[in-house]
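Undergrad: Dropping a structure here in structure tokens format, bear with me for questions.
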Amino acid sequence: VHFPLEDLDFSEVVASDWSSQANDNDTDNDDRKDGKGDDNFRPDSHDGRKESLYDLYAVVHHQGALSGGHYVASLKSEVDGKWRLFNDGQIYDVESGDVVHDSAYILFYVRRDVKDAKLEDFWDTRPREGEGMTEEEMEKLIKQRESRCSIQ
């Protein structure tokens, strides 16, 4: 199994102007054209995407047979750029060449031009009244579960 650690190029398979084509063909939902509605949930419609290069940042590896086995994960650190293998409670430094392996099961790539972006750059993450749980409700739920669950 061969896959690139960097420079995975999707320019031949991804439309470069996807968001404007989708909006031009969408006659049922005019609010998308002014930045409202479902368009808020498509990051590529907000950034004027021109980049088509992707870099690998994580791999899930499957070790064993089809009928059973064990999963481990390799992740590239955002802090120091080093690859690490996470195997249950153990973490090992690994070389980038060790990540490309036939045990690779799921590959995670990030588009290069949004690698350093934050979630807030794409979606409205402000708290909304009436959505989610309050901290007090969460604490109450956790305490209720603690009294019912025991690990022995």
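Undergrad: So for Arg145, Arg112, Arg126, Arg84, what's the accessible-area order with a 1.4 Å probe, most first? Don't skip to the end; give the middle numbers.
TA: Numbers: Arg145 125, Arg112 80, Arg126 160, Arg84 55 Å².
Order by accessible area, largest first: Arg126, Arg145, Arg112, Arg84.
Undergrad: Could you tell me what percent of the accessible area of the range 42-134 is made up of carbon and sulfur, with a 1.4 Å probe and every protein chain present? Show your work: numbers first, answer last.
TA: Values: 3360 of 6560 Å².
Its accessible area is 51 percent carbon and sulfur atoms.
Undergrad: Calculate one ³J(HN,Hα) per residue across the range 97-103 by plugging θ = phi - 60° into the Karplus curve 6.51 cos²θ - 1.76 cosθ + 1.60, and present them in order as whole Hz with x for glycine and proline.
TA: x, 6, 6, 7, 8, 6, 7
Undergrad: Not counting ligands, DNA or RNA, and with a 1.4 Å probe, what is Lys118's accessible surface area in Å² rounded to the nearest 10?
TA: 130 Å²
The values are calculated or read from the model by the stated rules, or taken from the named source; none is laboratory data. As the structure is a computational prediction, the values presented were derived from the model and not from experiment. These accessible areas exclude ligands, DNA and RNA; they are computed on the full protein's heavy atoms, side chains included. Shrake-Rupley method; radii C 1.70, N 1.55, O 1.52, S 1.80 Å.
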